[in-house]
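Below you'll find the structure, written out as structure tokens, and then a few comments.
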Amino acid sequence: MSDKLRRYELVYIVQPEATDEERAKVEERVSSICERMHAHVLKKEDWGKRKLAYEIKKSNKGYYSYLVFAAPATVPAEIERNLRLLDSVLRYLTICLDKDISLEAAKAEIAAEEEARAAARARMAQMPKDDDDDDALTDDDPALVEEEDDA
């Protein structure tokens, strides 16, 4: 197997009525395909139950899962084929982020992203929370004055 892989991002939505076991079954199916086809999962997130932008199969909500993986070019088609067969999956989308990457470079990039997010969270936690900022903008402030139309 070549050292160069492609980095993919996969988001899939499971029906809101799905039980924890059904969602775990979908996750296990995707993980087993990755393992069997020599893909490397770099990042996995469960985004939880969210409102959909539009109705899909008479559902307004769904459970979102996010996955970043490095794999040969044949893996996404196999994952999508399996997701298509599962009735509990409403939608899925796979995007190729990078071509011809090394596994080490992909892992380092994910680690750097996570480190940057952690640093941003730490900065946000250190910022003073000032809820009494009502007097910052007054009625006399030019930013609040609306221009009148001469229509």
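Only the coordinates and a few stated rules stand behind these numbers; no lab work does. This is a predicted model, so every value here is computed, not measured. Quick reminder, even Gly has a Cβ in these numbers, built from the backbone with ideal geometry, and neighbours come from all protein chains shown.
Here are the numbers:
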item	result
Extended-chain gain in nm, criterion 0.36 nm per residue less alpha-carbon gap, A125 and N60	20.0 nm
Per-residue HN-Hα couplings for the range 34-48 [Karplus 6.51, -1.76, 1.60; θ = phi - 60°; Hz; x = Gly/Pro]	4, 5, 5, 9, 6, 9, 10, 6, 9, 7, 9, 9, 9, 8, x
Cut-off under 5 Å, modelled amide H: who pairs with L42 long-range	V68, F69, A70
Förster radius 30 Å - calculated FRET efficiency between L93 and K4, Cβ distance, rounded to 0.05	0.80
